[in-house]
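This report concerns only the one structure given below.
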Amino acid sequence: MTGALVLEGVGLRQEGRVLLQGLDLAVAPGEAVALMGPSGSGKSTLLAHLAGMLPPAFRAEGRVRLGERVLDGVAPERRRLGLLFQDPLLFPHMDVAGNLAFALPRRHRGGARTRAVQDALAAVGLEGFGRRHPPSLSGGQRARAALVRALLAEPLALLLDEPFASLDRALRDETRALVLGRARAKGLPVLLVTHDEADAAAADRVLKPFA
């Protein structure tokens, strides 16, 4: 189990405009916290900052910790944060199995690598889909493939940037429950940014910190 995802006095500015000021937040292992705000308020920018990918037009302040590790200044690929977006961002030139294998740590080799991918697909109802390419999948299937790819990378926390927004209502509810259920079962802190009330209602806590 990982430690908490902790934000200490985190703020965001864009050319003098304050988007977020002095946010103090601790997301416990297995807890899902929703941050709500309208489009353009800085929700996605906050996740980009946490992931180490803040665009140069923005400035950030404060400190970010994951367990005992301070993440500020750490390269994005070393932060151990899993990200899910509205667009699943699967590699279209790779089949589903290749997409998942790409995320696996290098210690998984040969048959163990193949088994890990097959087990992950079966766990989300995609058994037999390994040779399919992302454009041939439905929206819900792509969302599930993106989830297991993120989890195979063995993240210590999940950042969710409205990953259910493009799905129809029934599929959105099902996929949301799957994502949050998997994260809670693995004891991962989850930070979800959204403007959707149903997404927020599925979280353990809801905050509205954006200016």
Does region 152-172 contain at least one residue that is in contact with a Pro (Cβ under 9 Å, 6 or more places away or on another chain) and acidic (Asp, Glu)?
yes
Residues satisfying the stated conditions in region 154-168, i.e. modelled with pLDDT of 90 or more and either among the hydroxyl-bearing types (Ser, Thr, Tyr) or touching a Gly at 6+ places or on another chain (Cβ under 6 Å) (or both):
Pro155, Leu158
Hey, among the residues in region 184-199 that are modelled with pLDDT under 95 and of a type in the set (Gly, Ala, Ser), which one's nearest to Val124 (Cα to Cα)?
Ala185
Counting residues that are without any contact (Cβ under 8 Å) to a residue 40 or more places away in the chain, which strands (runs of 3 or more DSSP E) fully inside region 1-108 reach at least 2?
17-27
Leu47 being buried (at least 20 other Cβ atoms within 10 Å of the Cβ), in the same structural domain as Asp199 (by TED's automatic domain parsing) and not acidic (Asp, Glu):
yes
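One line per residue, one yes/no per condition, for (1) among the basic types (Lys, Arg); (2) touching a strand residue (DSSP E or B) at 6+ places or on another chain (Cβ under 8 Å); (3) in a loop (DSSP other than H, G, I, E, B):
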{"residue": "Arg149", "(1), (2), (3)": "yes, no, no"}
{"residue": "Ser166", "(1), (2), (3)": "no, no, yes"}
{"residue": "Asp173", "(1), (2), (3)": "no, no, no"}
{"residue": "Leu180", "(1), (2), (3)": "no, yes, no"}
{"residue": "Ala203", "(1), (2), (3)": "no, yes, yes"}
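The values are calculated or read from the model by the stated rules, or taken from the named source; none is laboratory data. These figures come from a predicted structure and were not determined experimentally. Note that each Cβ is placed from the backbone with ideal geometry, even for glycine, and that neighbours are counted across all protein chains shown.
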